[in-house]
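Take a look at the structure set out below.
The values are calculated or read from the model by the stated rules, or taken from the named source; none is laboratory data. Source: prediction; values computed, not measured. In this analysis, Cβ positions are derived from the backbone assuming ideal geometry, glycine residues included, and neighbour counts consider all displayed protein chains. The protein model used for the area step is the full one, side chains on, heavy atoms only, and it has no ligands, DNA or RNA in it. Shrake-Rupley method; radii C 1.70, N 1.55, O 1.52, S 1.80 Å.
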Amino acid sequence: QVQLMESGGDLVQPGGSLRLSCAASGRFFRINDMVWYRQAPGKQRELVARISSRGTAYYADSVKGQFTISRDTAKNTVYLQLNRLKPEDTAVYYCNADVQLLAISGARQYWGQGTQVTVSS
């Protein structure tokens with residue numbers, strides 16, 4: 001079984017920074033895309049950033065130039081650097097991974113439990 005464990009969420013003042021981490025553990029053949037989503041209170045979950053196994057990154061328009069996604073393939077870990085945080089960035093941030101369990105199997109999605117980011121003075 002594959003587990004994703006997020007960490008790094010916290011209460012931070014506007015303009016501050018955080019670094020979120022998501023580590024994958026378990027037995028699998030390969031992790032393809034790793035993705036960060038967020039869900040603010042009363043809103044739908046939205047994609048924030050995605051990174052491929054080769055390191056190609058994609059960002060939602062709302063976070064371009066503000067957040068940076070990166071990945072350590074050897075550690076099966078994805079990071080999200082959050083800069084110049086604003087109150088509207090307050091949300092639970094979730095990690096998602098597209099994981100291939102065996103070389104001959106298809107990939108399936110796994111989710112972490114989420115980490116809370118609160119931006120408030």
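The table below gives the values:
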| item | result |
| --- | --- |
| For peptides 22-29, 87-94, sequence by mean Cβ density within 10 Å, most packed first | 87-94, 22-29 |
| Percent accessible area from carbon and sulfur atoms, the range 1-100, protein chains only, probe 1.4 Å | 45 percent |
| Added length on full extension, which subtracts the Cα-Cα distance from 0.36 nm per residue, Q100 to S120 | 3.3 nm |
| Projected label distance in nm at D10 and Q39, using a 7 Å step from Cα toward the beta-carbon | 2.5 nm |
| At R0 = 25 Å, FRET efficiency that the Cβ-Cβ distance of R30 and K64 yields, to 0.05 | 0.35 |
| Sequence-distant aspartates and glutamates (8 or more away, or on other chains) whose Cα lies within less than 19 Å of K64 | D33, E46, E88, D89 |
| Gain upon complete extension [E46, A107; 0.36 nm per residue less C-alpha separation] | 19.8 nm |
| Probe 1.4 Å, protein heavy atoms only - accessible area per residue of the chain in square angstrom | 56 Å² |
